[in-house]
Amino acid sequence: MTTLPEYLSKCGAPDDLISLITLIAAQATPIRNAFISNQNYADSKNSSGETQAEMDTWSDVHLVNILAASGLVREVASEEQEDIVKLVETAPYSVVMDPLDGSSLIKVNLCVGTIIGIYEGGCMQAGKNLKAALYLLYGPMTTITVSVGKGVAVFAMDKEGCCRMLRDNVRIPEGNLYGSGGIRTEWLEKHAKFISRIENEGAKNRYSGSFVADFHQILTYGGVYAYPPSEKQPNGKLRLVFEANPIGYLASQAGGAISNGVSSTLDIVPETVHQRTPIYVGSSGMIKKIESIE
Ligand code: AFP
């Protein structure tokens, strides 16, 4: 079975990008091993005002240290850090990351993940400029879903830590699963119309509370993950830089799409590191539907 470095090399990725991606993928083992002793919430909040889980801060510190030691990274923008972390000024890449997405699910042993985007140059670029994106999913298996702009492939980590290909040329089918965040009574009219339309067409609700796990399901079976705007949160909950952009890049590489309900979030140049955006991501037919509703 093709290994992760062999695949990246076949895609024509430069050696330093291959090193960076394989280094990040290798962190799935220490991160997974840390779950057992980091079960609780910490006494801290992140810059979006959310209470941090111990695993949020553990994975953040761990990944920043690893990226710093690699010498390949200029800047890191992390969901768990107020400001962009400056590393090696002359280094080729910058990393955007949600070190532990879905951390409230650690206590209940549901699937969580690490989301990563890699840019050439600085962090504050539109998602369409990403050079690579990947996520590590800590489920029954540890999987790595990756794109370097040549489609999407999924790897599973074996017990020696080697990432072996499970699926290549992944395409998001026009499926009928959906998962929507927010509180139904607070949904705005456009979102409510969209959900009722797709439910009437047979869409089935599946939502876990982990964006990365819910997206992985959509990537495989098709449908849409949504975190809509509301009166209270006009830009929804999820972050453009760490969540929407890497996942949106992977979706578009798999023939799907991402939108804020009006247009692609991959075209937005971020103004602030922690800016939020409404998210609709999944099968391209679903994204066309939400964008077509007034
Ligand atoms: P955490 O990483 O703080 O657990 O947040 C998870 C998340 O950003 C995303 O992974 C989920 O889809 C979404 O929030 C869940 O939010 P709700 O609890 O409001 O449904």
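The values are calculated or read from the model by the stated rules, or taken from the named source; none is laboratory data. Just so you know, these numbers come straight off a predicted model, no measurement behind them. As a convention, Cβ positions derive from the backbone with ideal geometry for all residues, glycine included, and neighbour counts pool all protein chains shown.
Scanning the range 202-228 for residues being in a loop (DSSP other than H, G, I, E, B), within 14 Å of the ligand (Cβ to nearest atom) and touching a Phe, Trp or Tyr at 6+ places or on another chain (Cβ under 9 Å) gives a total of 3. Within the range 101-138, the set of residues being over 20 Å from SER252 (Cα atoms), part of a loop (DSSP other than H, G, I, E, B) and among the polar types (S, T, N, Q) comprises just one member, ASN109.
Given the residues LYS237, LYS288, which is the only one that is part of a loop (DSSP other than H, G, I, E, B) and of a type outside the set (Val, Ile, Thr)? Working first, answer last.
Working: LYS288 fails: part of a loop (DSSP other than H, G, I, E, B).
Result: LYS237 is the single residue among LYS237, LYS288 that is part of a loop (DSSP other than H, G, I, E, B) and of a type outside the set (Val, Ile, Thr).
Within the range 161-184, the set of residues being more than 13 Å from ALA25 (Cα to Cα) and part of a loop (DSSP other than H, G, I, E, B) comprises ASP168, ASN169, VAL170, ARG171, ILE172, PRO173, GLU174, GLY175, ASN176, GLY181, GLY182, ILE183. Given the criteria assigned to a loop (DSSP other than H, G, I, E, B) and surrounded by 14 or more Cβ atoms within 10 Å (Cβ to Cβ), does ALA13 qualify? Considered against the rule, which asks whether it is assigned to a loop (DSSP other than H, G, I, E, B) and surrounded by 14 or more Cβ atoms within 10 Å (Cβ to Cβ), ALA13 comes out as yes. What pairs can you find where one residue is in the range 205-228 and modelled with pLDDT of 95 or more, the other is among the acidic types (Asp, Glu) and more than 8 Å from the ligand (Cβ to nearest atom), and their Cβ atoms are less than 6 Å apart, with a gap of 6+ or different chains? Note: pairs meeting the criteria are GLY222/GLU174. Need pairs with beta-carbon distance below 7 Å; first residue among the aromatic types (Phe, Trp, Tyr) and within the range 54-65, second surrounded by fewer than 20 Cβ atoms within 10 Å (Cβ to Cβ); sequence gap 6+ or separate chains. Listed by first residue and then by second, the contacts come to TRP58/ALA34; TRP58/ASN38.
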